[in-house]
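Here's the structure we're looking at; comments come further down.
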Amino acid sequence: MKDIETRNDIEFLMRDFYSKLLTDPAINYIFTDVAKIDLESHLPHLTDFWEQSVLYKGSYRKNVLQIHQDLNNKVTFTDLHFEVWLRHFNDSIDNNFSGPNAERMKTRALSVASVMKIKIYN
């Protein structure tokens, strides 16, 4: 398997990841009923965030924490939500990519989830 090397790799990964999230009843309602995301319009933002986080390219400037705190005000996130999110994220990476960037992305995802839990629960 190849490593995550391009924006297209990240977009592919996000599509795979969201296909898992949107079909998992433990978490899909947050995206479909609460956030009401349109994946096609949301995908460039997701790709921007991860491209900057992993490949150090781009200029993502949104406040990811605030976006999720606002969403948490509508539906309370639980430990299960974070566990499911992280499991699908890691599975999507492990099923499609291998290498230093893939490992970096999994580490960053764990960091993002951990910080969000701390900030949202306090």
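The values are calculated or read from the model by the stated rules, or taken from the named source; none is laboratory data. Note that this is a predicted model, so its numbers are computed, not measured. We place every Cβ from the backbone using ideal geometry, glycine too, and count neighbours over all the protein chains shown.
The table below lists the values:
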quantity	calculated
Of residues in segment 11-21 being without any contact (Cβ under 8 Å) to a residue 60 or more places away in the chain and within 14 Å of MET105 (Cβ to Cβ), the one surrounded by the fewest Cβ atoms within 10 Å (Cβ to Cβ)	GLU11
Residues being in a helix (DSSP H, G or I) and either more than 15 Å from the chain's Cα centre (by Cα) or among the basic types (Lys, Arg) (or both) - total across segment 1-19	3
All positions within segment 47-81 that are closer than 23 Å to LYS106 by Cβ, among the β-branched types (Val, Ile, Thr) and part of a loop (DSSP other than H, G, I, E, B)	THR78
Residue among SER92, SER111 that is at pLDDT 95 or above, loosely packed, with under 13 Cβ neighbours inside 10 Å and either of a type outside the set (Asp, Glu) or not in a helix (DSSP H, G or I) (or both)	SER111
Flag if ASP48 is out of contact with any strand residue (DSSP E or B) (no Cβ under 6 Å at 6 or more places or on another chain), of a type in the set (Asp, Glu), without any contact (Cβ under 8 Å) to a residue 24 or more places away in the chain and buried (at least 17 other Cβ atoms within 10 Å of the Cβ)	yes
Residues of segment 20-46 that turn out to be part of a helix (DSSP H, G or I) and closer than 23 Å to ASP9 by Cα, as a count	11
